[in-house]
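To start, the structure under review is shown below, and the notes come after it.
The values are calculated or read from the model by the stated rules, or taken from the named source; none is laboratory data. As the structure is a computational prediction, the values presented were derived from the model and not from experiment. Because the Cβ atoms are built from the backbone with ideal geometry, glycine has one as well, and the counts that use them run over all protein chains shown.
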Amino acid sequence: MSFVAIFFAGAFLCNAMPHLTAGLRGEVFPSPFSTPHGKGPSSPLVNFLWGMLNALIGLALLVYHPFAPGMNVDSAALLAGMLVMGVFTSVHFGRVRREGLF
């Protein structure tokens, strides 16, 4: 069942990227702490901290459920987690931008 943890590690690591980059670039970006949740702007500091938390959770999952990269189920699970989170967030934030919420 470690492939489930590795799937979520991929999802958390993928979600860390936009929040970290927005925070480091000093840009506002939606987060779960914005109003409305996930749609309104959050400060760069909030995004940086949220991104760091996501990165730490993803890395902690990989520490407790290590895997050997390669053509195996664990690597597929990590990539699947990143793919699912990436598709979800790109569609979600594309819709948020079109609606002009941030």
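For the stretch 79-102, the candidate set comprises residues that are in a loop (DSSP other than H, G, I, E, B) and at negative phi; within that set, the residue that is modelled with the highest pLDDT is 99.
Could you go through the stretch 43-62 and let me know if any residue there is touching a Lys or Arg at 6+ places or on another chain (Cβ under 8 Å), surrounded by fewer than 18 Cβ atoms within 10 Å (Cβ to Cβ) and not aromatic (Phe, Trp, Tyr). For the stretch 43-62, residues touching a Lys or Arg at 6+ places or on another chain (Cβ under 8 Å), surrounded by fewer than 18 Cβ atoms within 10 Å (Cβ to Cβ) and not aromatic (Phe, Trp, Tyr): present. The single residue among 16, 9, 22 that is within 27 Å of residue 100 (Cα to Cα), under 11 Å from the mean Cα position of the chain (by Cα) and surrounded by 18 or more Cβ atoms within 10 Å (Cβ to Cβ) turns out to be 16.
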